[in-house]
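See below for the structure under consideration.
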Amino acid sequence: MTAWIARPGAPLRGRLRVPGDKSVSHRAIMLGALAEGVTRVRGFLEGEDTRATARVFERLGVRIETPDASERIVRGVGLRGLRPPAAPLDCGNAGTGMRLLAGVLAAQPFDSVLIGDASLSRRPMGRVIDPLSRMGALIEAEPGGLPPLRIRGGRALRGIEYATPVASAQVKSALLLAGLYAQGETVVREPHPTRDYTERMLAAFGWPIEFAPGFARIAGGHRLRATEVDVPADFSSAAFFLVAGSVIPGSDLTLEAVGMNPRRTGLLDVLRAMGADIEQTNRREQGGEPVADLVVRHAPLHGIEVPVDRVPDMIDEFPALFVAAACAEGVTVVRGAAELRVKESDRIAVMAEGLRALGCEVEEAPDGARIVGTPLRGGAVHSRGDHRIAMSFAIAAQRAAAPVRIDDVDNVATSFPGFDELARRAGLALEPAL
Ligand code: S3P
């Protein structure tokens, strides 16, 4: 298991571009595979999660070429062209991969099995199994609705109207993908709007779809037509640098072409409410998604109560927010975020454990935490195999009085390969531990 030693480095300066969006990259492979024709994906995230999804489709008989690391050419086989896999399909660490694939595979004429790594094998799948079963799917899981998922093929699916109990783009997307194959209409309503990449991309691939925040409706019986997908830079990866630039004195850093889908940018508003100086410039459209260059300059932060209704718009950014809160003056309160407990790790518990090790006062709640801003000391923290936690502590260390050892950082490659190198180039002091 690899570890990092992180310590205060230089102010962050210059311009950098973080890798492509993970959510968009997964979907581009999936829809490209199910489309008729050849889809070119530019700006693809060459991370472990998205590569796992590409590998799964290769095992299902789809040819995918890699002309260079950030590009994929997907030779679509059409909705009915997937072939039975010879072995279980490994989604690695990716919840998005497994949940969306469950929707696709439930509608195939053949049986399949979805497996994942130790972390994914602890994540709840009942949230997709239940509604897919209502559509007529047959999926068996381990007790508690855990992977592996054994999916029985040859089932005729029918559309349903479903109100998701938790706001989850993965659940919504699984149902919409199954809905491509279903008889009649599939309608999904959400308690809070979530990222709408599946809906936007289905439309871009020519599938008729009606959608609005918190609502989507499609019917089966159409075709997906190959297209070009331009993947924006991942806001969730930019988030670490937004926090780093805010908390490291003297920083003035530009992040280029960051995806600004409003269902992703909750952290931007929350950091600004904490006093951050982040400017949006050069706002434009790229491949049907809003993107902008973000300029972040150091500014003193103060604690706030994170508005509960913004939680889903920043669901992946809480580890980074916890670090901002630890570096802020005063108290930050997070509530309504119980979903954090079923991400790649229990992000409330693991962040609390690490921040406490650095001298920060953190009180846990079942659905959030109360964090008291404190000067941080050095020490040792553990990512518990969670990529976003490893990167968050690399940022926290920039404000610590002594070096911080971060254990188990291999998983960073799932969403942000090359993070350490890019971070060093921007000014962070971050080295592999011996
Ligand atoms: C994702 C949806 C979110 C998010 C995940 C990616 C997606 O999960 O946390 O990193 O691509 O649809 P939930 O749907 O479980 O909230």
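The values are calculated or read from the model by the stated rules, or taken from the named source; none is laboratory data. Computed from a predicted structure; not experimentally measured. Positions of Cβ are generated from backbone atoms using ideal geometry, with glycine treated the same way; all protein chains shown enter the neighbour counts. Each accessible area value is taken on the protein alone, full model and side chains, heavy atoms only, with ligands, DNA and RNA left out. Shrake-Rupley method; radii C 1.70, N 1.55, O 1.52, S 1.80 Å.
For the chain, the alpha-carbon coordinates run over 60, 42, 42 Å along the three principal axes, in decreasing order.
With Cα atoms defining each centre, segment 305-328 and segment 105-183 are spaced 29 Å apart in the structure. Sort out for me the Cα centre separation of segment 329-346 from segment 246-290, rounded to whole Å. Cα centres, segment 329-346 to segment 246-290: 21 Å.
Normalised by the number of residues in segment 279-427, the mean separation of alpha-carbon contacts (under 8 Å, six or more apart) gives a relative contact order of 18 percent.
I'd like the distance between the alpha-carbon centres of segment 185-229 and segment 22-52, rounded to an integer number of Å. Using only Cα atoms, the two centres lie 16 Å from each other. Residue order by solvent-accessible surface for 410, 313 is 410, 313, largest first, with ligands and nucleic acids left out and a 1.4 Å probe. Projecting the Cα atoms of 92, 47, 129 onto the dipole axis of segment 22-230, where Lys and Arg carry +1 and Asp and Glu carry -1 at the beta carbon, places 129 farthest toward the positive end. I'd like the accessible area for residue 75, computed on protein heavy atoms only with a 1.4 Å probe and all protein chains in place. Round to 10 Å², please. Result for residue 75: roughly 80 Å² accessible. The alpha carbon gyration tensor of segment 337-417 gives principal lengths a ≥ b ≥ c with a/c of 1.5 or higher and a/b no greater than b/c, which makes the shape oblate. Over the chain, Cα pairs under 8 Å with separation of 6+ residues give a relative contact order of 19 percent.
Shown for the chain: the carbon plus sulfur share of the solvent-accessible area, taken with all protein chains present and a 1.4 angstrom probe, equals 49%. Could you tell me what percent of the DSSP beta bridges with both partners in the chain are antiparallel, to the nearest 5? Approximately 70 percent, going by the DSSP bridge assignments.
Protein-only accessible surface at a 1.4 angstrom probe places the residues 227, 186 in the order 227, 186, largest first. The residues of the chain have, on average, 35 Å² of accessible surface per residue, using a 1.4 Å probe with all protein chains present. Convex hull of alpha carbon positions in segment 22-230: directionally averaged projected area 9.7 nm². Estimated from helical segments only, the mean residue ellipticity of the chain at 222 nm is -8500 deg cm²/dmol, where each DSSP H run of four or more residues counts as -39500 (n - 2.57). Summing charges over neighbours of residue 383, with a neighbour being any other residue whose Cβ is under 10 Å away from its Cβ, gives -3 when K and R count +1 and D and E count -1. Take the Cα of residue 121, step 7 Å toward its Cβ, do the same at residue 161, and the gap between the two points is 4.1 nm. When you restrict to C-alpha pairs under 8 Å that are six or more residues apart and normalise by the size of segment 179-336, the relative contact order lands at 22 percent.
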